[in-house]
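Report on the structure given below.
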Amino acid sequence: MNQFRKVRADPARLTAFELMRAVWGDAAYANIAMPHLIAAHDLNPRDAGFALELGYGTLRMQGQYDAILSTLVNRPLAKIDPPLLDILRLGAHQILHMRVPDHAALNSTVDLAHYCVGPASATLVNAVLRKVAQKSVEEWIEQLTPIATTPLVNRLAIEFSHPTWIICAYQELIRDEQELRELLAANNRPASVTLVARPGRCTVDELIDEGAQPGHYSPYAATWQGDPALLAQVRSGNAAVQDEGSQLVALALANFHEIKPEELWLDLCSGPGGKAGLLGALARIADAKLLANEVSEHRAKLVRNTVDSEVQVLVSDGLNPSWRPGSFDRVLADVPCTGLGALRRRPEARWRKKPRDIAGLRPLQLGLFEAGYAALIPGGVLAYVTCSPHLAETELLLADLLARTGGNLLDARPLFVGVPELGDGPTVQLWPHIHDTDAMFFALIQRPLR
Ligand SMILES: C[S@@+](CC[C@H](N)C(=O)[O-])C[C@H]1O[C@@H](n2cnc3c(N)ncnc32)[C@H](O)[C@@H]1O
């Protein structure tokens, strides 16, 4: 029994607090935990929207809040009781980044602390948040990182709440400060829901009839505000949620040249099946065949739920393939990666990822590429795809792979029909701030005929 039940906690704020605890206390993924929490609290749509904005926003911006809070408490943040620290972060987010009046943010967060942690903590929360509210976010940034004396990376890290190592990785690719700022800002904006109209099963026009808007570039994309399950085409499985960048890289492989009947395609690591769903439908229309492989039984099940019945789903380690080498016309190697390209969708991910993850993934990325390449017929093509723009997972790894396999790197840009600003090629890097997609990387490698 909670001994402080007499103090009411606002259900939306309590939901956001429980989200923070699930993420930092139980290692949950926010986007998986949150729908359950909203359902458990039976929040109405307005409160659910508030809880989402507060919970996800706080997770994204907590680097900035921790920098501010560490100047206002007399001990290192690591010594503060984690639930109490989460409550302080939630209070800071309401004060600095939401249109909640300061007094409402303060009183409701004090109540939340009282209810969840105890009356003693409520006093501390009240004192600290009053100080947070004394300055605007711009004043805090200037105090923490004076423009005249702070290296740009450190200032951006506080201003846009990103770890410095991620900003440094972006700087390798984006030299212009204004553009870098646009990317960091895009990572902090919630991505809209993008849908894919499954070819042969549903059209974008049918989604538009249900109230969706057309996507930007993919002929199968539409955007939707709100819960996708409200759409009949989504409920029937004819359409699904899929980032437009994810659609574009699958389409680029399909666009390589006209699909010949009987072509064999391989999706080497296909779980949970978004790209296999699109590739399988395009293959079926052209009388080609897709084999969707996935090492994890659980994820293979998700692939089976997504693809048409013509697609064969295989559970196997792509590093030790059971298929004959030299069998496939097209191979997709959408390899496991850090996911640094999807930060706008995964609010806590930037704090969980570590630079060492990149080195840890390298052997798997190399191995899967080599296995995929070995699966190609002479003249066949392999699409190497990551949802990360980090050079160590993209261009640098690719240079190594080309040297090992002797494959020819093709100019992929013409395969992204109608997509602007694709850079100097031959590879393609999509960006949230330019294309409104996740930051997907795509390289197309052809096995020489001889
Ligand atoms: C980036 S995800 C693929 C996303 C997928 N293409 C989609 O669009 O839904 C990488 C997948 O590779 C799988 N994987 C990891 N190691 C593998 C291996 N050795 N063989 C096959 N699949 C593997 C992971 O389980 C994960 O499902």
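Check segment 210-217 and report whether any residue there is buried (at least 23 other Cβ atoms within 10 Å of the Cβ) and either away from the ligand (no atom under 16 Å from the Cβ) or not in a helix (DSSP H, G or I) (or both). Can you show your working first?
From segment 210-217, those buried (at least 23 other Cβ atoms within 10 Å of the Cβ) are 212, 215; that's our starting set.
Right, trim to either away from the ligand (no atom under 16 Å from the Cβ) or not in a helix (DSSP H, G or I) (or both) and you get 212, 215.
The answer is yes, given that some residue of segment 210-217 is buried (at least 23 other Cβ atoms within 10 Å of the Cβ) and either away from the ligand (no atom under 16 Å from the Cβ) or not in a helix (DSSP H, G or I) (or both).
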- request: Within segment 434-442, identify whether any single residue is more than 22 Å from the chain's Cα centre (by Cα), within 16 Å of the ligand (Cβ to nearest atom), among the aliphatic types (A, V, I, L, M) and modelled with pLDDT of 95 or more, and answer yes or no.
  value: no
message: For segment 306-322, check the following and say yes or no: at least one residue is more than 9 Å from the ligand (Cβ to nearest atom) and at positive phi.
response: no
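One line per residue, one yes/no per condition, for (1) within 16 Å of the ligand (Cβ to nearest atom); (2) in a helix (DSSP H, G or I); (3) under 27 Å from GLN242 (Cα atoms); (4) of a type in the set (Ser, Thr, Tyr):
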{"site": "ILE377", "(1), (2), (3), (4)": "no, no, no, no"}
{"site": "VAL381", "(1), (2), (3), (4)": "no, no, yes, no"}
{"site": "ARG404", "(1), (2), (3), (4)": "no, yes, no, no"}
{"site": "PRO414", "(1), (2), (3), (4)": "no, yes, yes, no"}
- prompt: Would you pick out the residues in segment 270-296 that are open to solvent by less than 20 Å² (accessible area, probe 1.4 Å) and near the ligand (Cβ under 10 Å from one of its atoms)?
  reply: SER270, GLY271, GLY273, ALA276, GLY277, LEU278, LEU279, ALA292, ASN293, GLU294
query: For segment 237-261, what are the residues that are at pLDDT 95 or above and surrounded by fewer than 16 Cβ atoms within 10 Å (Cβ to Cβ)?
result: VAL241, GLU258, LYS260, PRO261
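Identify the residue in segment 330-347 that is assigned to a loop (DSSP other than H, G, I, E, B) and within 10 Å of the ligand (Cβ to nearest atom) and, among all such residues, is nearest to VAL385 (Cα to Cα).
Going through segment 330-347, the residues assigned to a loop (DSSP other than H, G, I, E, B) turn out to be 335-339, 343-347.
Narrowing the set further to residues that are within 10 Å of the ligand (Cβ to nearest atom) leaves 335-337, 339.
Values: VAL335: 6, PRO336: 9, CYS337: 9, GLY339: 11 Å.
Checked segment 330-347; the qualifying residue nearest to VAL385 (Cα to Cα) is VAL335.
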query: Is segment 181-191 home to any residue that is surrounded by 15 or more Cβ atoms within 10 Å (Cβ to Cβ) and in a loop (DSSP other than H, G, I, E, B)?
result: yes
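Being within 14 Å of the ligand (Cβ to nearest atom) and farther than 25 Å from ALA412 by Cβ is the filter; apply it to segment 348-362 and report the residue that is surrounded by the fewest Cβ atoms within 10 Å (Cβ to Cβ).
So in segment 348-362, the residues within 14 Å of the ligand (Cβ to nearest atom) come out as 349, 357, 360-362.
Okay, now just the ones that are also farther than 25 Å from ALA412 by Cβ, so 349, 357, 360.
Numbers: ALA349: 21, ASP357: 17, GLY360: 11.
By that ranking, first place goes to GLY360.
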field: Any hit, segment 366-382, residues being touching a Ser or Thr at 6+ places or on another chain (Cβ under 6 Å), of a type outside the set (Asp, Glu) and either closer than 26 Å to GLN171 by Cα or surrounded by fewer than 17 Cβ atoms within 10 Å (Cβ to Cβ) (or both)
entry: no
query: Restricting attention to segment 27-49, which residues are open to solvent by 30 Å² or more (accessible area, probe 1.4 Å), free of Cβ contacts under 8 Å to residues at least 60 places away in the same chain and out of contact with any Ser or Thr (no Cβ under 9 Å at 6 or more places or on another chain)?
result: ALA27, ILE32, PRO35, HIS36, ALA39, ASP42, ASN44, PRO45, ARG46, GLY49
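Condition check ((1) of a type in the set (Gly, Ala, Ser); (2) closer than 20 Å to LYS135 by Cα; (3) modelled with pLDDT of 95 or more) across all residues:
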site	(1), (2), (3)
ALA30	yes, no, yes
MET34	no, no, yes
PRO76	no, no, yes
PRO82	no, no, yes
LEU90	no, yes, yes
HIS97	no, yes, yes
SER121	yes, no, no
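Inside segment 386-402, can you point out the residues that are open to solvent by 20 Å² or more (accessible area, probe 1.4 Å) and assigned to a helix (DSSP H, G or I)?
Applying the first criterion (open to solvent by 20 Å² or more (accessible area, probe 1.4 Å)) to segment 386-402 yields 387, 390-392, 395-396, 399-400, 402.
GLU395, LEU396, ALA399, ASP400, LEU402, listed by residue number.
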query: So which residues in segment 316-351 are modelled with pLDDT under 95 and charged (D, E, K, R)?
result: ARG345
- request: Report, by residue number, each residue of segment 104-121 that is outside any loop (DSSP other than H, G, I, E, B), farther than 13 Å from ASP86 by Cα and touching a residue at least 12 places away in the same chain (Cβ under 8 Å).
  value: ALA105, LEU106, SER108, ASP111, HIS114, TYR115, PRO119
- request: With respect to PRO325, determine if the residue is touching a Leu at 6+ places or on another chain (Cβ under 9 Å), open to solvent by 30 Å² or more (accessible area, probe 1.4 Å), of a type outside the set (D, E, K, R) and more than 12 Å from the ligand (Cβ to nearest atom).
  value: yes
- request: Could you tell me which numbered condition TRP224 fails, if it satisfies all but one of (1) over 21 Å from the mean Cα position of the chain (by Cα); (2) at pLDDT 95 or above; (3) surrounded by fewer than 23 Cβ atoms within 10 Å (Cβ to Cβ)?
  value: (1)
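The values are calculated or read from the model by the stated rules, or taken from the named source; none is laboratory data. Values in this document were obtained by computation on a predicted structure and should not be read as measured data. As a convention, Cβ positions derive from the backbone with ideal geometry for all residues, glycine included, and neighbour counts pool all protein chains shown. We work out accessible area using only protein heavy atoms, side chains counted, and drop any ligands, DNA or RNA first. Shrake-Rupley method; radii C 1.70, N 1.55, O 1.52, S 1.80 Å.
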